[in-house]
Each structure stands twice: as structure tokens, then as C-alpha cells.
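The values are calculated or read from the model by the stated rules, or taken from the named source; none is laboratory data. Worth saying up front: this structure is predicted, and the values here are computed from it rather than measured. Because the Cβ atoms are built from the backbone with ideal geometry, glycine has one as well, and the counts that use them run over all protein chains shown.
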Amino acid sequence: MTHPVSGPEQTSAPPTPTVAVVGGGPAGLMAAEAACAAGMTVHLFDAKGSVGRKLLIAGKGGLNLTHSEPSERFRERYAPRQDDVARWLRVFDADALRAWAAELGVPTMVGSSGRVFPVDLKAAPLLRGWVRRLKSQGVHFHVHHRWTGWAVDGSLQFDHEHGPRHMTPAATVLAVGGASWPVLGSDGAWYPLLAALGVGLQPLQPANVGFHCTWSPFLLERFSGAAVKPVAMSVTVDGARTSRQGEFVLTDYGIEGSLVYALGRPLRGAVAAGAAVTCTIDLMPNESIDTLANRLAKPRGSRSFGEWLRRQTGIGGVRAALLHELGRPMPAGPTELAQRIKHLPLRLTAPRPIEEAISTAGGVRFDAMDDDSMLMQRPGVFCAGEMIDWEAPTGGYLLTACMASGLVAGRAAARHARQAAA
């Protein structure tokens with residue numbers, strides 16, 4: 001068979017329907033797997049020298065594949081796009097992902113937080129096994145191929161070290177990521193290409209990212225890098241209050257961590273509406289104000305305020321430091337002090353740059369695609385993964401939806417390719 005990826009002088013086409021997948025992240029790999037399983041000849045292209053680089057980095061501290069919580073609660077993590085993402089999850093949900101990993105020889109376990117990990121916690125064995133299986137199934141991998149759009153004749157264009165490459169597949173799946181971690185390939189370079197076609201897009205924004213605030217030199221010197229837990233955080237935007245419980249980390253620029261990521265969308269919206277947003281921190285999320293006030297009504301005696309507070313509430317270390325940092329002047333009455341402990345104001349000024357984000361929000365709008373994720377403005381071109389306008393907090397939700405969207409797009413691309421060849 002003549003190679004379907006050609007220089008400008010080559011025009012031969014494969015004898016069987018071909019699906020091109022652009023992007024070698026989890027969404028692209030799953031799209032390739034789905035299209036190959038449907039009997040297509042599949043060619044996968046990636047701008048970097050290897051696939052799955054972001055997956056490997058994300059798995060350095062333990063690859064969080066998905067989450068074990070009930071499906072209804074799981075879907076809520078994708079609000080306000082939960083109904084759209086639910087269409088993908090009905091095809092490939094958390095249980096399906098665990099079964100898929102088991103087929104690769106990667107058993108999984110549920111951690112204490114409900115998150116699901118490979119038993120060995122590693123990303124590399126799963127990725128190696130996945131790529132090995134895809135190659136054995138016939139998927140053709142082309143690295144160092146940077147997609148640059150479409151030529152005048154409608155073919156896909158790629159920059160390559162040996163010159164431009166072109167390909168005219170029967171269907172294409174774009175799974176080119178967002179704009180976070182550009183060093184790994186997700187640089188958002190596709191955005192102007194689709195914008196030029198008139199595709200409906202939402203601006204790319206940082207999601208799952210830290211926020212700026214100002215700390216005193218004392219707090220930074222003593223507690224920079226410290227995890228604050230257990231705490232809850234609340235933010236109010238346009239009269240709607242959102243609260244989450246978890247933990248966050250103090251950094252030299254402000255705060256980051258899972259609790260911040262879980263509130264990323266309302267925090268981002270509040271900052272966009274003005275110069276800053278004031279959220280509230282609850283240092284005792286499992287205690288009511290009345291119960292806490294009763295504890296604080298006990299006399300201090302000769303004890304210092306810090307020692308007395310620790311004995312009555314368990315607040316010490318970084319949580320006590322935050323109370324002093326954000327709660328001054330300290331109320332004298334027990335009820336007022338309890339209210340301060342449960343409603344510490346924290347002023348956030350801006351999110352960190354999109355290049356530092358774990359993921360991005362924005363991208364191709366759902367109303368720019370049909371139910372099969374095909375672009376209205378470019379029939380035969382399907383989208384998958386983070387380049388679509390949805391977001392989710394960390395906890396396995398990102399990876400699950402990326403893979404589910406890739407499966408949906410890959411199957412749809414195969415159907416389109418088959419119909420085009422008929």
C-alpha cells in the first residue's frame with residue numbers, strides 16, 4: 001500500500017477508508033482505538049516526538065484515572081456542561097474505563113478519597129501497553145507532524161522536518177488539547193485555524209489553576225508550601241453561592257490545590273467581573289457556629305491565645321496562622337470568634353497564567369457540532385477532548401471525559417468514512 005502521508009508531489013490514496021486522528025493524548029488515542037475497531041485504516045499524528053506526554057506528567061504523583069462516586073454526582077462535576085458531557089459518559093463511564101484498563105493488564109484500586117488509580121500508581125505501563133496494542137491493531141503513528149490546517153484542495157497539512165506533508169482522509173478527528181502546558185503540545189495553535197472557518201468558539205481560559213493573593217512575609221517564611229486542611233471555601237457570583245470542602249496549598253503567589261480547582265469556574269467568573277473576588281474560608285467545616293462558640297466560651301486562664309485555641313478547637317499550625325493573617329482584629333466574644341473562624345475573608349486577584357494550568361476551559365462550543373461531535377462548518381471533521389468547551393476539576397473527571405469524547409468521535413468518524421466510501 002502506498003503511504004497515505006505524502007509530500008506535495010504524491011497523490012496516491014489508501015484503498016480502504018482512512019480516518020486521521022490529530023493529537024496523541026488520551027482523547028486522540030481513544031479515537032484511534034475506536035475507529036480502528038470499526039474497521040478503518042487509522043493514522044494518528046502528533047506534533048511531539050512521542051504520544052501521551054501530558055498523561056505521563058499528570059501521572060507522576062500517581063495516575064488518577066477516574067472517580068468511584070455515583071454516576072449522578074459524577075456528572076454534576078461537569079456543570080454547566082453536564083448534560084452534554086453525559087452523552088459521552090453514557091457510552092464510556094468510570095466503570096467502563098476501569099474495565100478497559102483491566103483489559104490492558106492494568107488493575108485499578110479505589111483510594112481513600114474515592115479516586116481510582118492503577119494499583120502500581122504509574123502512568124507509563126498503561127501508556128506503553130495502550131500504544132503497543134494500538135500498533136498491533138494496525139494504527140499508524142506519525143510523530144513530529146504539526147498540523148497547520150487545510151490546504152486549498154481540502155487535504156490536511158502538516159509541518160515536518162523533511163518538508164510539508166499532506167493527507168486526504170475520509171474523516172478526521174481533531175484531539176489537539178487546550179492551551180495548558182504548551183511545552184507538552186497543548187498550545188492552542190488550532191484556535192485561529194477553526195476561528196477562520198467560522199467555527200463557534202469560546203475563549204480559552206485557565207482551569208484547575210492557582211489564584212493570586214497577598215501574604216505577609218511571616219506567613220510565607222513559615223508556611224509557604226503547607227497544605228491547609230480540613231477546610232471549606234465559598235464564593236458568591238451573581239447571587240449564587242458555591243461551597244466546597246477539601247484542602248489547598250499556600251504558595252508564594254497565593255493558593256492552589258484541589259479545593260481551589262473545584263471552585264475554579266465561579267472564582268474565574270468573579271475575577272472576570274471585577275478586579276478581584278473575596279471568598280470565605282471555613283477553618284472548622286464540620287462544626288456549627290453554636291458548637292464552636294460553646295467551646296470558645298471556656299476560660300483561657302493563664303494560657304496563651306494560641307494554646308487555648310488549639311486545646312478548644314484543634315486549630316494550630318498553618319490554620320492558626322491563617323486565622324491571625326486574615327481574622328484581625330480578633331473578636332473577643334465566643335460567638336463572634338466562632339463566626340470569624342468559619343468566615344475568614346480571602347481576597348483573590350487573578351488566576352495564574354494559562355500555561356501553568358492543569359487544563360483549560362473554553363474551546364469549540366457544543367452548538368458548533370452535531371450530536372456526533374462533527375463540526376457544522378467542516379463536515380467529516382470531528383472534535384474530542386479538551387479542545388471542546390467543557391471543564392471539570394481534577395479527580396479523574398478530566399481523563400474520563402476526554403477518553404469518552406474520543407470514543408464517541410472515533411466511532412462517528414468511522415461511520416462517516418464508511419458512508420463516504422460507499
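Residues considered: Gly25, Gly52, Gly59. Of these, the only one that is among the small types (Gly, Ala, Ser) and touching a Cys at 6+ places or on another chain (Cβ under 9 Å) is Gly25. Applying the criterion of being in a loop (DSSP other than H, G, I, E, B) and not β-branched (Val, Ile, Thr) to the residues of segment 1-10, the residue that is modelled with the lowest pLDDT is Met1.
Select, from Gly154, Gly105, the only residue that is in the same structural domain as His67 (by TED's automatic domain parsing), free of Cβ contacts under 8 Å to residues at least 24 places away in the same chain and over 19 Å from the mean Cα position of the chain (by Cα). Gly154 is the lone residue from the list that is in the same structural domain as His67 (by TED's automatic domain parsing), free of Cβ contacts under 8 Å to residues at least 24 places away in the same chain and over 19 Å from the mean Cα position of the chain (by Cα).
Determine, yes or no, whether Gly363 is out of contact with any Pro (no Cβ under 6 Å at 6 or more places or on another chain), part of a strand (DSSP E or B) and on the phi > 0 side of the Ramachandran plot.
So Gly363 passes the test.
Conditions (1) surrounded by fewer than 18 Cβ atoms within 10 Å (Cβ to Cβ); (2) in a loop (DSSP other than H, G, I, E, B); (3) modelled with pLDDT of 95 or more, marked per residue:
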| position | (1), (2), (3) |
| --- | --- |
| Glu355 | yes, no, no |
| Asp367 | yes, no, yes |
| Asp372 | yes, yes, yes |
| Arg378 | no, yes, yes |
| Gly395 | no, yes, no |
| Ala401 | no, no, yes |
| Ala404 | no, no, yes |
| Leu407 | no, no, yes |
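Residues in segment 207-225 that are buried (at least 17 other Cβ atoms within 10 Å of the Cβ) and on the phi < 0 side of the Ramachandran plot: how many? First the steps, then the outcome.
Here is the first cut: in segment 207-225, the ones buried (at least 17 other Cβ atoms within 10 Å of the Cβ) are 207-211, 213, 215, 219, 223.
Of the ones still in play, those that are also on the phi < 0 side of the Ramachandran plot are 207, 209-211, 213, 215, 219, 223.
Here the count works out to 8.
Residue-by-condition table, conditions (1) at pLDDT below 95; (2) hydrophobic (A, V, I, L, M, F, W, C); (3) closer than 22 Å to Ala413 by Cα:
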position: Pro17; (1), (2), (3): yes, no, yes
position: Ala20; (1), (2), (3): no, yes, yes
position: Ala27; (1), (2), (3): no, yes, yes
position: Ala32; (1), (2), (3): no, yes, yes
position: Cys36; (1), (2), (3): no, yes, yes
position: Gly39; (1), (2), (3): no, no, yes
position: His43; (1), (2), (3): no, no, yes
position: Gly59; (1), (2), (3): yes, no, no
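Close Cβ contacts (under 8 Å, 6 or more residues apart or on different chains) running from residues in segment 35-55 that are polar (S, T, N, Q) to residues that are part of a loop (DSSP other than H, G, I, E, B) comprise Thr41/Pro4; Thr41/Pro14; Thr41/Thr16; Thr41/Pro17; Thr41/Gly138; Ser50/Gly24; Ser50/Val143.
Would you pick out the residues in segment 189-207 that are at pLDDT 95 or above and not in a helix (DSSP H, G or I)?
As a first pass, look at segment 189-207 and keep what is at pLDDT 95 or above: 189-204.
Result: Ala189, Trp190, Leu197, Gly198, Val199, Gly200, Leu201, Gln202, Pro203, Leu204.
Checking the structure you have, find out if any residue of segment 126-137 is polar (S, T, N, Q), without any contact (Cβ under 8 Å) to a residue 60 or more places away in the chain, within 23 Å of Leu44 (Cα to Cα) and assigned to a loop (DSSP other than H, G, I, E, B). Among the residues of segment 126-137, not one is polar (S, T, N, Q), without any contact (Cβ under 8 Å) to a residue 60 or more places away in the chain, within 23 Å of Leu44 (Cα to Cα) and assigned to a loop (DSSP other than H, G, I, E, B), which makes the answer no.
For segment 119-139: of the residues being of a type in the set (Gly, Ala, Ser) and farther than 16 Å from Gly52 by Cα, which is surrounded by the fewest Cβ atoms within 10 Å (Cβ to Cβ)?
Here is the first cut: in segment 119-139, the residues of a type in the set (Gly, Ala, Ser) are 123-124, 129, 136, 138.
From what's left, farther than 16 Å from Gly52 by Cα: 136, 138.
Working: Ser136: 8, Gly138: 12.
Checked segment 119-139; the qualifying residue surrounded by the fewest Cβ atoms within 10 Å (Cβ to Cβ) is Ser136.
Filtering segment 216-238 to residues that are of a type in the set (D, E, K, R), in contact (Cβ under 8 Å) with a residue 12 or more places away in the chain and over 20 Å from Pro345 (Cβ atoms) leaves only Arg222. Screening Asp93 on (1) crowded, with 21+ Cβ neighbours inside 10 Å; (2) modelled with pLDDT of 95 or more shows it passes everything except condition (1).
Take the conditions touching a Pro at 6+ places or on another chain (Cβ under 9 Å) and under 19 Å from Gly52 (Cα atoms) and apply them to Ser180. Does it pass? For Ser180, the condition - touching a Pro at 6+ places or on another chain (Cβ under 9 Å) and under 19 Å from Gly52 (Cα atoms) - is met.
Restricting to helices (runs of 4 or more DSSP H) lying wholly in segment 11-86: which have 3 or more residues that are crowded, with 24+ Cβ neighbours inside 10 Å? Before you say what the answer is, go through the steps one by one.
Details: elements: 26-37, 53-58, 71-76.
So the answer is 26-37.
Working only within segment 239-262, note down all residues that are without any contact (Cβ under 8 Å) to a residue 60 or more places away in the chain and more than 17 Å from Pro353 (Cα to Cα). Passing the criteria: Gly239, Ala240, Arg241, Thr242, Ser243, Arg244, Gln245, Gly246, Glu247, Phe248, Val249, Leu259. Being over 23 Å from Phe223 (Cα atoms), of a type outside the set (S, T, N, Q) and crowded, with 20+ Cβ neighbours inside 10 Å holds for only one residue in Ala293, Ala262, Ala338, Ala321, and it is Ala338.
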